[in-house]
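The values are calculated or read from the model by the stated rules, or taken from the named source; none is laboratory data. If you're wondering where the values come from, they're calculated on a predicted model, not measured in any experiment. For neighbour counting, all protein chains shown are included, and Cβ atoms are generated from backbone atoms with ideal geometry for every residue, glycine included.
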Amino acid sequence: MVSSAFAHYGEERVLSGRRGSGTIFFEGCGLRCVFCQNYDISHFVSRSCVNREELVEMMLRLELAGCHNINLVTPTHFAHIIAEAIPQARRRGLSIPTVYNCGGYESVETLRALEGLIDIYMPDVKFFDRGAARRYLQAADYPSVVRAALVEMHRQVGDLVINSAGIAKRGLLVRHLVMPDFIEDSRAIVRFLSRVSRRTFLNVMGQYRPEGEAHRFPRIARRPSYEEIAIVREEALRLGLRLG
């Protein structure tokens, strides 16, 4: 189930560049984040399906349009189809990198099935706090799952490699959405990333806003402050991470 496919210019600069990231938004999600900013396509689905061949055609059209990469957004529950579509697209000439743009809730088994097919892993690491994961993501095991996933992703693709034009070609690119009143949890995430690799490329995102059902949860019913975002960035810089 695909919501849209287009050249996206609002991703990280190393992905969007000048010609855009060839973004394919899948419907549905394995998480149920109460603050989801794509609530309409992640929590609800239209049941408008494409088959594997149509997915391949989308990838090829995006490359033909000049996009720097194929950016697969919320792909986890369609990983089995993606694992079939990418080799088929490559046989037909697909040559740009593939990006696995996910929420980090990935089993190691699924990731190993994708080994050699994904060039850039881009998980959004949300919480290490088990209570927060249960309350806000509906997944109490998220912290342990995402830790294992990060290690496996880095094993497969290594640190992010950026070419002379400033475009990512391969590696791990981590996003972390800073949440209000969870600074110590953010620090724990940053410290873990530094143990995965001191060269981890991290985008500390400060654009959280209370979307979806977040208004029902007082602790996250506000934007993070500039000070909270700065604290997380400073911790990442102190540990030597590469900030996007």
Quick one: how many residues across the stretch 63-85 are over 19 Å from the mean Cα position of the chain (by Cα) and touching a residue at least 12 places away in the same chain (Cβ under 8 Å)? 5
Number of positions in the stretch 3-28 that are at pLDDT below 90 and either under 30 Å from Arg219 (Cα atoms) or among the hydrophobic types (A, V, I, L, M, F, W, C) (or both): 1
